[in-house]
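S.K.: Would you mind keeping the following structure in view while I ask a few things?
The values are calculated or read from the model by the stated rules, or taken from the named source; none is laboratory data. All values reported here derive from a predicted model rather than from experimental measurement. Cβ sites come from the backbone with ideal geometry, for glycine too, and all protein chains shown count toward neighbours.
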Amino acid sequence: MAVHDTIGDFLTIIRNASMAKKEECTTQVSKMRLSIAKILKQEGFISDYSESVNEKGFKQISLKLKYVKNTPAITGIERHSTPGRRLYYGVRDIPRVLGGLGVAILTTSKGVMRARDAREQGVGGELICKVW
């Protein structure tokens, strides 16, 4: 049985669109992708995101990428925990991204959140990705 990494695909779509200097990228909708997009918008890595329905009737999410002086706001985005290698961290062990300049996104028992919020709430979880 094949295992597909949908979150990894989502991050790759964002990375490729950013490197190609696209204004917008679209992909299928899931709750996890919406949560990640919400955090990226809060942190200022993307301008906006929206849900829509394509011509075949499927829901999709569109991300408007952000650029500062023609340089992508997302300089790096990488998948940390994969389907074949889940990485969980306790509240004291959650890694920092570039000394606090980037953001780590975790899935916890209280939902998908930034590493900073997880430390404040005293919860650990699975580290999904790092963005800087």
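S.K.: For the stretch 69-90, name all the residues that are touching a residue at least 24 places away in the same chain (Cβ under 8 Å), farther than 20 Å from Arg119 by Cα and surrounded by fewer than 11 Cβ atoms within 10 Å (Cβ to Cβ).
M.R.: Scanning the stretch 69-90 gives Asn70, Gly84.
S.K.: Test Ile46 against the criterion of being over 17 Å from Ile128 (Cα atoms), within 13 Å of the chain's Cα centre (by Cα), β-branched (Val, Ile, Thr) and at pLDDT 95 or above, and give yes or no. I'd like the intermediate steps shown before the answer.
M.R.: Details: over 17 Å from Ile128 (Cα atoms): yes; within 13 Å of the chain's Cα centre (by Cα): yes; β-branched (Val, Ile, Thr): yes; at pLDDT 95 or above: yes.
So Ile46 fits the description; yes.
S.K.: What are the residue pairs meeting all of these: first residue in the stretch 91-119, first residue under 14 Å from Lys130 (Cβ atoms), second residue of a type in the set (Phe, Trp, Tyr) and surrounded by fewer than 20 Cβ atoms within 10 Å (Cβ to Cβ), Cβ atoms under 6 Å, and 6 or more apart or on different chains?
M.R.: Val97/Trp132; Leu98/Trp132; Gly102/Trp132
S.K.: Could you say whether any residue in the stretch 82-104 is in contact with a Ser or Thr (Cβ under 6 Å, 6 or more places away or on another chain), over 18 Å from Thr6 (Cβ atoms) and not assigned by TED's automatic domain parsing to the domain that holds Met19? So that I can check it myself, show each step before the final result.
M.R.: Narrowing the stretch 82-104 to residues in contact with a Ser or Thr (Cβ under 6 Å, 6 or more places away or on another chain): 87.
Subset that is over 18 Å from Thr6 (Cβ atoms): none.
For the stretch 82-104, residues in contact with a Ser or Thr (Cβ under 6 Å, 6 or more places away or on another chain), over 18 Å from Thr6 (Cβ atoms) and not assigned by TED's automatic domain parsing to the domain that holds Met19: absent.
S.K.: Of all residues in the stretch 38-68, which are of a type in the set (A, V, I, L, M) and surrounded by 11 or more Cβ atoms within 10 Å (Cβ to Cβ)? Explain how you work it out, then say what you get.
M.R.: Our first condition is that a residue be of a type in the set (A, V, I, L, M); within the stretch 38-68, this holds for 39-40, 46, 53, 61, 63, 65, 68.
Answer for the stretch 38-68, where residues must be of a type in the set (A, V, I, L, M) and surrounded by 11 or more Cβ atoms within 10 Å (Cβ to Cβ): Ile39, Leu40, Ile46, Ile61, Leu63, Leu65.
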